[in-house]
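*Asks:* The structure that follows is given in the form of structure tokens.
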Number of protein chains: 2
Amino acid sequence: MKPTVHDIARSAGVSLATVDRVLNGRPGVRRVTRQRVEGAIAELGYVRDVAAANLAKSRTYAFTFILPANDNSFMIGLGDEVRGAIARSSLERMAVRIVNVPPFDPAALVAALDTVVLERPAGVAFVAIDTPDVRAAVQRVAAAGIPIVTLVSDLPEAARDHYVGIDNIAAGRTAGSLMGRFLGGGDATVAVLSGSMLVRDHRERLEGFATVVREQFPGLAILPVLEGRDDPALAEALVMQVLEDNPQIAGIYSLGAGNRGLIQALRKVSMTRRAMVIAHELTAYTRAALADGTIDAVLNQDAGHEVRSAIRVLKAKADGLPVIAAQERIRIDIFLKDNLP
Amino acid sequence: MKPTVHDIARSAGVSLATVDRVLNGRPGVRRVTRQRVEGAIAELGYVRDVAAANLAKSRTYAFTFILPANDNSFMIGLGDEVRGAIARSSLERMAVRIVNVPPFDPAALVAALDTVVLERPAGVAFVAIDTPDVRAAVQRVAAAGIPIVTLVSDLPEAARDHYVGIDNIAAGRTAGSLMGRFLGGGDATVAVLSGSMLVRDHRERLEGFATVVREQFPGLAILPVLEGRDDPALAEALVMQVLEDNPQIAGIYSLGAGNRGLIQALRKVSMTRRAMVIAHELTAYTRAALADGTIDAVLNQDAGHEVRSAIRVLKAKADGLPVIAAQERIRIDIFLKDNLP
DNA sequence: CTGTTAGCGCCTTCAA
DNA sequence: TTGAAGGCGCTAACAG
């Protein structure tokens, strides 16, 4: 039988209240008493029943997700997943809410973080922008004792407790390797379409991609990176232009979100030989393009897993519990038309 | 404030006990009373607090995993993951245990299933063998009201509540697509090494692989399937032989477990041009072979995810709760040397 | 058939 | 500094 507070109270010769004080590190216990209790805890191998504790506290975990109000499919899907979690949240003693901020706007993100701290939630998840002031704001959240995790895009040197998202360098490397192999290893020209080189995940993907190409497929020439700002119209124009200027293009790597424009352009331009296309994020658009052969491979991060992982991690941090690292590693899904879920 | 049993008792004008009876479908409640209570439940939007209920019941979920005592890395890893879950299980009000059975032995599996039923656990997970007597045994478990899930290898027409594992046809298709693309689409000869055509997952992988090759890469010729019974020595001999007999082999698809033998053979045989190799399951052996270029791609199912998913599903079934389908879908991981975790 | 009462393991007033 | 008592939401005897 698992020991309970009663057992350790009896074993230490004190009352339940005292045990509770020690357990929760509350003041008002003599040093000797505390040690006696801690001895009993260690001896009996007591572990607190979190469910019972939460019941007694009638605790609900308040978690806040700060999401950019981007209109690309991935961010919308991420929001949907959070809303799905909200729907289930009352069953789990959680109160999850969403705060939207304008995209690519560090000042707005900082303001949101500072506002959120005032409400003292049990945890915060947010999509990071990589600037010093955001870093400082994260530091303030952490200093307030509120668990905070980055989502999708990280801020490595900051005080965040955890990063929920894929390894973007590995993702870029994988794209590079697939591109090189699919193109057969000869000489060829490859175009890269990004959202913005100001966000870390895009920079890292490019870095990984370029590294693999340089090391393993020296025959591939990478054209200057296009920045489509995840905007369909702009991306479409850029892709049309680059295909016109470089009819020899054999491959395209789209490492950002907002692939609608890319797909439109590919459908419009008539190429003698279709280019090999690798993109990120499985959305309605990329899925259709994969199915009909416009896109050859899609690297994906599962937004549902990310949201659930973020919640699990925040809850664990809030309870002072360890996280199962293997469970929380977000994997890079590779989809071909043959393994579409 | 979320309504509690007290609220619905008051609203329906009955006692807690009666509410409890209705909630748990226990007998001894008049029809009218029951309906009154159900009305109140619906009206107030009551949802039972499972944590509190479990506390009151001091319930612990007893789950049994029936695992084949195979000595390949994948099955050993699966066992390790279950043991990891056991280590954490007491915290979660669970008592997980493992029953080992001889591999590829339907009669032993049936005996194990029938024995396990007698202990009336809260749920059973097992690696299926696809025979009628196993199917019948599963039927008996289900008839006893015990939730049961298949793990890794399914038994589709049986009475199992859920299958925890990858879509093996899609996995085979993916392997076929990668093989075709990596080989550049021309004429070539491909060998296939399986464990046994008696287990369903291997059959399905072959089916998916062959289909894609036939439809999309007609230039590829598939040699007769080798059955290595997941035995390193046998697999090694078979691969050595086939490479000797068919020096023109350009690709090998290893769709079973036990890749040690394959890797050994590949390292021994000196080929003028290295064959493209695609295998299943990321283990210490395949990981090393991937890293050093002996294997080109590994399709993997994450044993840790599978075990955790099986437990979540069994718990949900035991509580009569729905499962989050998206969360429980086991994905086909594709690893190249560039995205090794 | 229905209600009363005493917990499950823990936390939290309120007294002492 | 410590303890007694009541309660979180639900279940389970045991009476009526």
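*Asks:* What nm distances, shortest first, do you get from the label point of A:A53 to those in the other copies when the point sits 7 angstrom along Cα to Cβ?
*Replies:* When each copy's label point is compared with this one, the spacings are 2.5 nm.
*Asks:* Nothing charged except the Cβ atoms of Lys and Arg (+1) and of Asp and Glu (-1): what's the magnitude of the dipole of chain A about its Cα centre? Round to the nearest 20 debye.
*Replies:* 1600
*Asks:* To continue, here is another question. Out of the DSSP beta bridges found with both residues in chain B, what percent are antiparallel (nearest 5)?
*Replies:* 10
*Asks:* Before anything else, pin down the relative contact order of chain A: Cα pairs under 8 Å, at least 6 apart, normalised by residue count, whole percent.
*Replies:* Across chain A, relative contact order equals 14 percent.
*Asks:* While we're on this one: With a cut-off of at most 13 other beta carbons within 10 Å, and DSSP calling the residue loop, which GluC sites (Glu not before Pro) in region B:33-126 qualify? Please list them.
*Replies:* In loop regions of region B:33-126 (DSSP not H, G, I, E or B), the sparsely surrounded GluC sites (Glu not before Pro) are B:E119.
*Asks:* Further, regarding this structure: Greater than 20 Å separation of Cα atoms is the criterion. Which listed pairs, B:K2/B:K315; A:K57/A:K317; A:K2/B:K57; B:K57/B:K317; B:K57/B:K315, meet it?
*Replies:* In this structure, B:K2/B:K315 exceed 20 Å between Cα atoms.
*Asks:* Less than 19 Å apart at the alpha-carbon level, and either on another chain or at least 8 residues along: which aspartates and glutamates does that give for B:K337?
*Replies:* List returned: A:D167, A:E204, A:E207, A:E215, A:D333, B:E281, B:D292, B:D296, B:D302.
*Asks:* Shortest first and in nm with one decimal, please list how far the B:A284 label point sits from its counterparts in the other copies (point 7 Å along Cα→Cβ).
*Replies:* 4.9
*Asks:* Run through region A:1-107 and list the chymotrypsin sites (Phe, Trp or Tyr not before Pro) located in a DSSP loop whose Cβ has at most 16 other Cβ atoms within 10 Å.
*Replies:* Passing sites in region A:1-107 are A:F104.
*Asks:* With +1 on each Lys and Arg Cβ and -1 on each Asp and Glu Cβ, and nothing else charged, work out how big the dipole of region B:168-300 is about its Cα centre, in Debye to the nearest 20.
*Replies:* Roughly 220 debye for region B:168-300.
*Asks:* Taking springs between alpha-carbon atoms closer than 10 angstrom, which of B:A111, B:A158, B:A53 fluctuates most in the Gaussian network model of chain B?
*Replies:* B:A53
*Asks:* Quick one: among B:L118, B:L226, B:L183, which has the greatest mean-square fluctuation in a GNM of chain B with alpha-carbon springs under 10 angstrom?
*Replies:* So, out of B:L118, B:L226, B:L183, the one fluctuating most is B:L118.
*Asks:* Let me know the charge dipole size of the protein assembly as shown about its Cα centre in debye, to the nearest 20, where only the beta-carbon of Lys, Arg (+1) and Asp, Glu (-1) is charged.
*Replies:* That gives a dipole near 2900 debye.
*Asks:* Are there any GluC sites (Glu not before Pro) in region B:147-211 that are in a DSSP loop and have at most 14 other Cβ atoms within 10 Å? List them by number.
*Replies:* Answer by residue number: B:E157.
*Asks:* Among B:G219, B:V269, B:P341, pick out the residue whose Cα is farthest towards the positive end of the charge dipole of the protein assembly as shown, where Lys and Arg carry +1 and Asp and Glu carry -1 on C-beta, about the Cα centre.
*Replies:* Of the candidates, B:P341 comes out farthest on the positive side.
*Asks:* Between copies, how close do the B:G39 label points come, placed 7 Å along Cα→Cβ, listed in nm from shortest?
*Replies:* Computed spacing set for this position: 6.3 nm.
*Asks:* For B:D114 and B:D319, FRET efficiency with R0 = 30 Å and r from the beta-carbon atoms, rounded to 0.05?
*Replies:* About 0.75, to the nearest 0.05.
*Asks:* Which three extents, in whole angstrom, do the alpha-carbon atoms of region A:138-181 cover along their principal axes, largest first?
*Replies:* Here the spans come out as 50, 14, 9 Å, largest first.
*Asks:* Could you work out the mean count of beta carbons from other protein chains within 10 Å of each residue's beta carbon in A:320-333?
*Replies:* If you average over the peptide's residues, the count of other-chain Cβ atoms is 3.
*Asks:* Normalised by the residues of region A:5-48, what does the relative contact order come to in percent, with Cα pairs under 8 Å and at least six apart?
*Replies:* 41
Computed from the coordinates by the stated procedures, all read-outs in this text should not be read as laboratory data. Bear in mind that the values here come from a model prediction, so they are computed numbers and not experimental data. FYI the Cβ positions are ideal-geometry reconstructions off the backbone, even for glycines, and counts take in every protein chain you see.
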